[in-house]
Amino acid sequence: MQVEQLRDLALEILEDMKAQDIKILDVRGKTSITDYMIIASGNSDRHVKAIAEAVMFKAKHAGEPPIGTEGVSDGELALVDLN
């Protein structure tokens, strides 16, 4: 899957899960570790956890399982690394 397709998949999932304040940062040329960072908010810890789990689940089924995650079990802050 191309990086733009993965970005669009994550964005679609965030929108479907009613994530708030979605921001896409294009960091190509600014760092060698990633091309895009997507930041979004949820309206509760449970909402953040559900959003992160949906991203992980749907990315895995699209053939792009997460490389790593942080904070998903708590839901206060979740990081999902999708390549």
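For the chain, averaging the sequence separation of C-alpha pairs within contact (under 8 Å, six or more residues apart) and dividing by the residue count gives a relative contact order of 25 percent. Pairs of C-alpha atoms in the chain farther apart than 17 Å represent 42 percent of all such pairs. Among the lysines of the chain, pairs at least eight places apart or on separate chains and with Cα atoms under 17 Å apart come to 4. Accessible surface area normalised per residue over the chain is 69 Å², counting heavy atoms of protein chains with a 1.4 Å rolling probe. Positive-end ranking of Ile51, Val27, Ala40 along the dipole of the range 12-53, with charges on Cβ about the Cα centre, is headed by Val27. Placing unit charges on the Cβ atoms only, positive for Lys and Arg and negative for Asp and Glu, gives the chain a dipole magnitude near 40 debye about its Cα centre. In this label model, Asp8 and Ile22 are separated by 1.3 nm, measuring between points 7 Å along each Cα→Cβ vector. Note on the chain: helix-only mean residue ellipticity at 222 nm, from DSSP H runs of 4+ residues weighted -39500 (n - 2.57) and normalised by residue number, equals -12500 deg cm²/dmol.
The values are calculated or read from the model by the stated rules, or taken from the named source; none is laboratory data. Just so you know, these numbers come straight off a predicted model, no measurement behind them. For neighbour counting, all protein chains shown are included, and Cβ atoms are generated from backbone atoms with ideal geometry for every residue, glycine included. Keep in mind that these areas ignore ligands, DNA and RNA; they rest on the heavy atoms of the full protein, side chains included. Shrake-Rupley method; radii C 1.70, N 1.55, O 1.52, S 1.80 Å.
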